[in-house]
Structures are given as structure tokens and as C-alpha cells.
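The values are calculated or read from the model by the stated rules, or taken from the named source; none is laboratory data. Nothing here was measured: the structure is a model prediction, and the numbers come from that model. No Cβ is skipped: glycine too gets one built from the backbone with ideal geometry, and neighbour counts run over all protein chains shown. Note: accessible area is taken over every heavy atom of the protein model, side chains too, but ligands, DNA and RNA are not part of it. Shrake-Rupley method; radii C 1.70, N 1.55, O 1.52, S 1.80 Å.
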Amino acid sequence: MEKKVKALSHLYVTVFLSGFASFIVVPAITDVTMFALCPGTDECSLAIYLSGFQQAVIGVGTALMMPLIGNLSDQYGRKSLLTLPMTLSIIPFAVLACSTTTNYFYAYYTLRTLTAMISEGSINCLALAYLADNISDTQRASAFGILAGISSGAFVFATLAARFLSASSTFQVATFVSMLAVVYMRIFLEESIPDRNDGMTQPILKETEGVIEKDGNVDTRKMPVFKTIPSLKDIIRLIKSSPSFSQAAIVAFFQSLAEGGMICSIMVYALSFSYYLKARFHFNKNQFADLMLIAGIISTVSQLFIMPLLVSPIGDGRLLSIGLLVSCLNSILYSLAWSAWVPYAATALSIVTVFTTPSLRSIVSKQVGTTEQGKAQGCISGVTSLANIIAPLIFSPLTALFLSEEAPFHFPGFSILCIAITLMIAFIQSWTIGKTPSNSRDENCSSSMEV
């Protein structure tokens, strides 16, 4: 057991370092983009169009790649697959670490677009599958919450560190930390490959024919890679494998659709509520950063310390519903904000809203066996990526319309209210999940594991 706890601690360190490298460049990338494309100006339509195109391509790519990466991790191991996205994420940072001039920016833009189709979200997806391999059903929600708390902590420390660094130094630090994350992971993290000969686990998806060893066992890891690629039919079959999995996929779609409307890239679609707050209360970028930092601190504390205490008495199903309901109320507060202090007060609700994603992922992990954790998490990641593509197409024009003089009626926060309605749909759907029975049938194999 002590060996497994140490392995999970190495996973948490890997996720923290990787997240720190990704988050530390967020405050600087806007200024770098403006300087490279439109120096000396406060507005740049080219930057918006290029960033919008980039995010659309990345979104489509991740929606297609997440199920594939998850499935390959079931075959070849989590550590092996983690190496690919973590290594690829270094390249764009290294380009801007050399220079932030226009030519280097375009090189970064191209490489970022290509590499993010694989690296965006896949590290979290594989980390969740790694945890599911080593944590019993009853403790997964707590473990997933701790993992989310580690990511939130990385965001907080990265945001604070970025305030003391120049733009060029920021990318140099990001390059170094991302390289350190890969080296640390390769040295200390143990491989985790599901045992396909475990009779206690019955895969939902039909196994393809593998290589027969001398002892008669089938080693699917020696199959040609193209034979391990899940088809659309496989993904649909996985989603339909249990009512709870189907309902969780629906909840994930609507929750991500709402989240995509609230938390989109500032350069691309801009935060829908940031347009609203800027128009209503004249918020500047420092105030937006303060809001994000406060939310990050609250999220870290809640996921690391509060959520693990609530999972056992309440259950992940109810935590999911509570998180969605409070998220809905939070959006309503934003839409009706009557004073500049309201957004700060509403941010305090993050202590509950952050329960949503870890609880949802925990429910999903219980619907499949040990050999399909990668497929399941990759499938849900693909669904959320699809929702994040659609969200800006709906909410950004809606926000712009109701902040303009051509609005059909005066309600600047109408787009935020629509986000609240979307979250209410997810909340209602979450109640249909009910109690989620474990289908993984591996609890006895890992019940001795402590978070």
C-alpha cells in the first residue's frame, strides 16, 4: 500500500508541474500576441480571428484524439502515453522562450495548434485513468477531487509567479518547468497497465484479436496501433453501455457547454461574463485576474480538504447535483449583478461548484472495468471538447448582442442567464443518474488502497 501511495504522490507532482507550466503563460500570451501582430494598438481583429481559428481547430482535434489516446493508454500503459503530450507541450513554449518577435510568434502559433490537438486535456484524462487503476470505487471521488485541487493549486501559484516575471522570462520558466515535469515523470512515476487477464473484469467493448503468446494468453499491446483505434461505433456503444454512463455524458455536455460560455479564452471569444462586467462595472484586466485568483484559491482549498470529507456521507451523485445547482445559482447572480461587489461575492460559491467535475468523472469511472478506464475518460473528454467548440458559437454572439444598442430588450446579463438555464438542464439530468452502481468489478483488487 505504501508503494502505491508513493506512486500517486509522484502523479500529483507531475500534474502540478505540468499545470504550472501551462498556467504561467496565460497572463502573458495576450500581450505577446498583441505586440507581435498589432504593436502599439489596444485592439487587434487579426489576433481575435487567428486565436478563434486556433481554438476551433484544437477543439475539433481534441474531440477526436481524446478517445484514441485513452484507448491506447489501456493497451500500452498510462505512463507511456503521458510522455507524448507532455513532451509535445514543451515545443511551443521553447519557441517563444527564444524570442517573442512576429516570426517566432507565427512559429509558436503553428506548433501550438498542432501539438495542442494531442496535449490539450490529455494529461488530465490519463491522470484520471491512472488514479482509477489504483483507487477503489468508494475512494475515487475523493482522489479525483484531490487531483483537481492539485491543478487548481498549480493555477494559483502560476498566476502569482507570472506577476513577477516579464513575458520572455515567463516562457523560459514554462519551458524549464515543463521539461522538469517530463523528466520527473519518466524517472519516478511507475507504469500502470490494466491487467487484461483478470477474470474479474469484463470489457464492455468487443476486444479485437491480438497476438497469442506461448502460454495461450492474448497480448493486445502487441497489436498494430491502427487496430486499437476506437471507431465511432465503439464510442457510441461505450456511452450506451449503461444508463448511468449515458446520463453522465449528457450532464458532461451541458455542464461543459455552460462552462465554455463562461470560461473561454480571453483572446478568442472572451469570457462572456467579462464582456458583461466590463460594460457594466468597467472591470479591467487586473480585476479579472483578481477574480480568477480568488476562485483558484477557494477551489484548491475545497477540492483538497472539503470534498474528501463530504464524499463518504453524501456520495458523488449528490455532490454532482449540488455542484450543478450552485453553479446555476452562481450564473444567475452574475446575470443580475447590481453592484461591482456582487461578482466577488459570487466567486465564493466556487467552494461548492468545483465538486462537479471530479464527481462526474468518478461516476463515469465506476461504469467500466479496469481495462477501459482510458476509453471512458477519453470519451467524456471528447464530449466536453465538443461542447467547448459549440459554446462560443452560441454565447459570444448572444453576449455581444445584449451588450449592444441593438438588443431586443435591455438585459445585459441575458447570455449569463442562458448559461444558468443550461446548467439547470444538466442539474435535472444529474438527478436521473441516481445511485451509480459500480460496474468495474475491481473494487476487491484495490480496496486496500488509501487516498
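Odds and ends about this structure:
- Any hit, the stretch 84-93, residues being farther than 23 Å from LEU17 by Cβ and outside the structural domain of THR384 (by the TED database): no
- Residue in the stretch 137-144 that is farther than 16 Å from THR300 by Cα, open to solvent by 30 Å² or more (accessible area, probe 1.4 Å), free of Cβ contacts under 8 Å to residues at least 12 places away in the same chain and under 21 Å from the mean Cα position of the chain (by Cα) present: no
- Listing of helices (runs of 4 or more DSSP H) fully contained in the stretch 225-312 that carry 2 or more residues being in contact with a helix residue (DSSP H, G or I) (Cβ under 7 Å, 6 or more places away or on another chain), crowded, with 17+ Cβ neighbours inside 10 Å and modelled with pLDDT under 60: 272-281
Here's the yes/no breakdown for (1) of a type in the set (A, V, I, L, M); (2) within 22 Å of ILE380 (Cβ to Cβ):
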| site | (1), (2) |
| --- | --- |
| VAL25 | yes, no |
| ALA47 | yes, no |
| GLY59 | no, yes |
| LEU68 | yes, yes |
| ASP74 | no, yes |
| PRO85 | no, yes |
| ALA97 | yes, no |
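- Test result for PHE53, under 29 Å from ARG163 (Cβ atoms) and either open to solvent by 30 Å² or more (accessible area, probe 1.4 Å) or in contact (Cβ under 8 Å) with a residue 12 or more places away in the chain (or both): no
- Out of LEU329, LEU320, one residue alone is open to solvent by 10 Å² or more (accessible area, probe 1.4 Å) and in a helix (DSSP H, G or I). It is LEU329.
- Only one of the listed residues (PRO313, PRO308) is over 22 Å from the mean Cα position of the chain (by Cα) and either outside the structural domain of ILE419 (by the TED database) or under 22 Å from ARG361 (Cα atoms) (or both). That residue is PRO313.
- Residue within the stretch 115-122 that is in a helix (DSSP H, G or I) and surrounded by fewer than 18 Cβ atoms within 10 Å (Cβ to Cβ) present: no
- Residues being in the same structural domain as ILE90 (by the TED database), at pLDDT below 85 and of a type in the set (S, T, N, Q) are represented in the stretch 168-188 by at least one member.
- Scanning the stretch 332-379 for residues that are closer than 19 Å to ALA426 by Cα, in contact (Cβ under 8 Å) with a residue 60 or more places away in the chain, open to solvent by 10 Å² or more (accessible area, probe 1.4 Å) and polar (S, T, N, Q) turns up just one, THR357.
- Test: residue in the stretch 147-162 that is over 19 Å from GLY296 (Cβ atoms), assigned to a helix (DSSP H, G or I) and either modelled with pLDDT under 95 or not hydroxyl-bearing (Ser, Thr, Tyr) (or both): no
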